[in-house]
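Right, one structure below, let's go through it.
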């Protein structure tokens, strides 16, 4: 059963996963992707805290934006080799730190 195999895959096994059969992949194929992330839990002694994040993207456009942002950040770093988690997000944004903080904080 395809549904059982997908749900057993380590990538999906720990998350709620829905599998839908389609007549043709071409009918549902596009370049867009999305995510709906919901986290419900406890914060201190307060129950039923809920965080929800939704995003819809066009994969080629987002990939290009990320590459440009990382290139921008590379000019602000000391010479060397970095992985993306090592690059401060603020260095990926356009503008000075002061402008970014004044705009976003």
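None of the figures in this text is laboratory data; all of them are computed from the coordinates on show. Keep in mind that what you see is a predicted model, and the values were worked out from it rather than measured. When we count neighbours, we look across all protein chains shown, and the Cβ atoms used for this are built from the backbone with ideal geometry, even at glycine.
Of note:
- With Cα atoms, 0 to 90° folded angle of helix 59-74 axis to the chain main axis: 30 degrees
- Sum of -39500 (n - 2.57) over DSSP H runs of 4+, divided by residues of the chain (222 nm, nearest 500): -9500 deg cm²/dmol
- Set against the labelled values [x] 42; [y] 60; [z] 70, percent of Cα pairs over 19 Å apart computed from this structure falls on [z].
- In a fully extended conformation the segment linking residue 105 and residue 64 would gain 12.2 nm over its present Cα-Cα distance, using 0.36 nm per residue.
- Residue 37 versus residue 13: modelled label distance in nm, points set 7 Å from Cα along the beta carbon direction: 2.2 nm
- Computed lengthening from residue 55 to residue 4, 0.36 nm per intervening residue step minus Cα-Cα distance: 15.7 nm
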